[in-house]
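Have a look at the structure below before the remarks.
The values are calculated or read from the model by the stated rules, or taken from the named source; none is laboratory data. All of these numbers come straight from a predicted model, not from anything done at the bench. Don't worry about glycine lacking a Cβ; one is built from the backbone with ideal geometry, like all the others, and counts go over all protein chains shown. Surface areas here come from the heavy atoms of the whole protein model, side chains and all, with no ligands, DNA or RNA. Shrake-Rupley method; radii C 1.70, N 1.55, O 1.52, S 1.80 Å.
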Amino acid sequence: MNKLFLSSLCLTALASCKPGGTGQQDQKPNILLLYVDDLGYGDIGINGARGVQTPNIDRLAENGLLLTDAHCSAATSTPSRYSLLTGSYAFRNNAAILPGNAPLIIDTAMTTLPDVLRASGYKTGVVGKWHLGLGLGEMDWNGEICPGPKDIGFDYSFLLPATGDRVPCVFVENQRVVGVDPADPIRVSYSDKLDGFPTGTENPELLKMKADTQHSNTIVNGVSRIGYMSGGRNALWTDEDFPMVFNKKAIDFIKGCEGQPFFLYYAFHDIHVPHLPNPAFVGKSSMGPRGDAIAQMDWCVGQLVSLLEELGLSENTLVILTSDNGPVLDDGYEDMAVEMLGDHNPSGPFRGGKYSAYEAGTRMPTVVYWPGVVEPGVSDALLSQVDLLASLAGLVGQNLKPGVGPDSFNYLDAWLGKSNKGRDILLEEAFTMALRFGEWKYIHPFKGFTPEWLANKDIETGLSGEDQLYNLYQEPGEMFNLAASQIDKVKEMQNILERIIKEPSRNSEMH
Ligand code: NG6
Ligand code: CA
């Protein structure tokens, strides 16, 4: 990485920031990270979506940078989010999909992405899906929830605590449940049924959408979820209101930052299950609720971009839109996503999807938009979200202390399209680990057992007891396993993987 180039890039970027309408002259650029949930590579128009239109995202891509080989760090949510915020691979902390009553998995002593930006004068906020745990375990949802976002660098937070399909079905603002009532205390359990709400198993006649066994516990808003809760009746969310609720909080946050640069991590619930789009978006796609949720999310993106324009902030705001893992059609609810798919391909030209070690597990639809700084174009640089910590630190001129962002490297010039040089190697975490290196993709043998709920679904996990080696330049679809004929290459890839596992990448310079 060329330091001179980077610092001059930084200066150029900052110098080209035009004065904003809200007095943001000469400020560091705002950063708006639009983090969609479960959105596949092929789910946006510009990447070939057939069953839904995404005009707002396409407009960002046409006027910005479309990245074709940018990855989240893992094929599920919690590990990807962990890496994004800490610059550390999730396996180093055994981060896996969390239940809704899990403790916070980010050590509050770590320097996180929002910490880095806050130290540079940013106001930091998170709105939307959290899924990184809250509290210390055995949490009391009726008082202050600690530790939480503010303890890892966020000045403001408005959260959906875990996922839309997990209890508790309440919003948490600045670490307190919104609308909590001492007379109706909230309790949450993932092991014991709690009195208070009917369950999908016992009262299926109350459901507006059928679900599998795991999703057949507490019914809220006519939909059964994973886990049990009681109390908090005045605090319950209405899924169909999510786009308006979250967008309003995001807009209020941005407006409230007048005079101070902001970092907003806007983590969509869409397009995770349950798919319950607002009536305004029902029927907007030809694919039923999953497609309508994409249209809804695209509308939300459009609203935020319009806000930046109205406030005169567009040219002083770096917008990154991406996703936390690949697409999935059957994730527990009967919502016609499989039946109504038509000729739409959520994974684009790649194999697999959510949960998968194949490319579509982590290769994300990714757009970078910053008028006047990022030139319109397409880049096939190999990039990982684990690098956003170091790259954005580079943008704001922060040097990372040793140990901070242990797997994160500064690829700012590639993220902004100033260079085509991305990573040489890239780790993809799933139930096993996979590694990209030049034209090669290696998938490590999986010796564990596939969870029953996953094994029973029609999902290509990429899990095998054997080594797998694919040549992505020859066939991006990962159909022909070359491991048996490329023994030396397999060995080389295994060695790289071992080094990554053994020590933080910043020590070994493995990137
Ligand atoms: C799985 C859930 C799935 C989804 C996922 C988390 C079952 C059978 N499946 O365990 O529905 O909630 O966890 O998705 O329970 S993620 O995008 O947040 O990682
Ligand atoms: Ca996800």
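Scanning segment 322-353 for residues that are of a type in the set (A, V, I, L, M) and surrounded by 18 or more Cβ atoms within 10 Å (Cβ to Cβ) yields 328, 329, 337, 341.
The conditions of being away from ligand 1 (no atom under 15 Å from the Cβ), of a type in the set (Val, Ile, Thr), outside any strand (DSSP E or B) and surrounded by 16 or more Cβ atoms within 10 Å (Cβ to Cβ) are not met by residue 188.
Being within 16 Å of ligand 1 (Cβ to nearest atom) and in contact with a helix residue (DSSP H, G or I) (Cβ under 8 Å, 6 or more places away or on another chain) is a property that does not hold for residue 292.
Report, by residue number, each residue of segment 488-511 that is within 28 Å of the chain's Cα centre (by Cα) and polar (S, T, N, Q). If the condition is that a residue be within 28 Å of the chain's Cα centre (by Cα) and polar (S, T, N, Q), then 494, 505, 507, 508 are the ones that fit.
Out of segment 286-306, which residues are among the hydrophobic types (A, V, I, L, M, F, W, C) and within 15 Å of residue 57 (Cα to Cα)?
Initial filter on segment 286-306 (among the hydrophobic types (A, V, I, L, M, F, W, C)): 287, 293-295, 297, 299-301, 304-305.
293, 294, 295, 297, 299, 300, 301, 304, 305, listed by residue number.
Mind checking whether some residue in segment 86-93 is closer than 24 Å to residue 272 by Cβ and within 16 Å of ligand 2 (Cβ to nearest atom)? Yes.
So that you can scan it fast, the table gives a plain yes or no per residue for (1) open to solvent by 10 Å² or more (accessible area, probe 1.4 Å); (2) assigned to a loop (DSSP other than H, G, I, E, B); (3) farther than 27 Å from residue 152 by Cα:
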{"site": "372", "(1), (2), (3)": "yes, yes, yes"}
{"site": "378", "(1), (2), (3)": "yes, no, yes"}
{"site": "387", "(1), (2), (3)": "no, no, no"}
{"site": "392", "(1), (2), (3)": "no, no, no"}
{"site": "422", "(1), (2), (3)": "no, yes, yes"}
{"site": "428", "(1), (2), (3)": "no, no, no"}
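Candidates in segment 74-114 are the residues that are under 20 Å from residue 172 (Cα atoms) and in a helix (DSSP H, G or I); of these, the one that is farthest from ligand 1 (Cβ to nearest atom) is 114. Inside segment 171-185, residues that are loosely packed, with under 14 Cβ neighbours inside 10 Å and among the hydrophobic types (A, V, I, L, M, F, W, C) make up a count of 1. Scanning segment 55-92 for residues that are touching a Ser or Thr at 6+ places or on another chain (Cβ under 9 Å), of a type in the set (A, V, I, L, M, F, W, C) and open to solvent by 10 Å² or more (accessible area, probe 1.4 Å) yields a total of 1. Each residue in segment 453-503 was checked for being touching a residue at least 60 places away in the same chain (Cβ under 8 Å) and open to solvent by 70 Å² or more (accessible area, probe 1.4 Å), and 5 of them qualify. When the helices (runs of 4 or more DSSP H) confined to segment 430-511 are screened for residues that are closer than 22 Å to residue 346 by Cβ, those reaching at least 1 such residues are found at 452-455.
Residue 509 meets the conditions (1) at positive phi; (2) in contact (Cβ under 8 Å) with a residue 60 or more places away in the chain in every case but one. The failed one is (2). If you go through segment 100-119 and keep only what is open to solvent by 20 Å² or more (accessible area, probe 1.4 Å) and either over 17 Å from the mean Cα position of the chain (by Cα) or away from ligand 2 (no atom under 16 Å from the Cβ) (or both), you end up with 101, 103, 104, 107, 108, 109, 110, 111, 115, 118, 119.
Residue count for segment 127-154 satisfying the condition of being touching a residue at least 40 places away in the same chain (Cβ under 8 Å), more than 16 Å from ligand 2 (Cβ to nearest atom) and either over 20 Å from the mean Cα position of the chain (by Cα) or outside any loop (DSSP other than H, G, I, E, B) (or both): 7.
Could you check, for segment 37-44, whether at least one of its residues is on the phi < 0 side of the Ramachandran plot, away from ligand 2 (no atom under 16 Å from the Cβ) and open to solvent by 10 Å² or more (accessible area, probe 1.4 Å)? For segment 37-44, residues on the phi < 0 side of the Ramachandran plot, away from ligand 2 (no atom under 16 Å from the Cβ) and open to solvent by 10 Å² or more (accessible area, probe 1.4 Å): absent.
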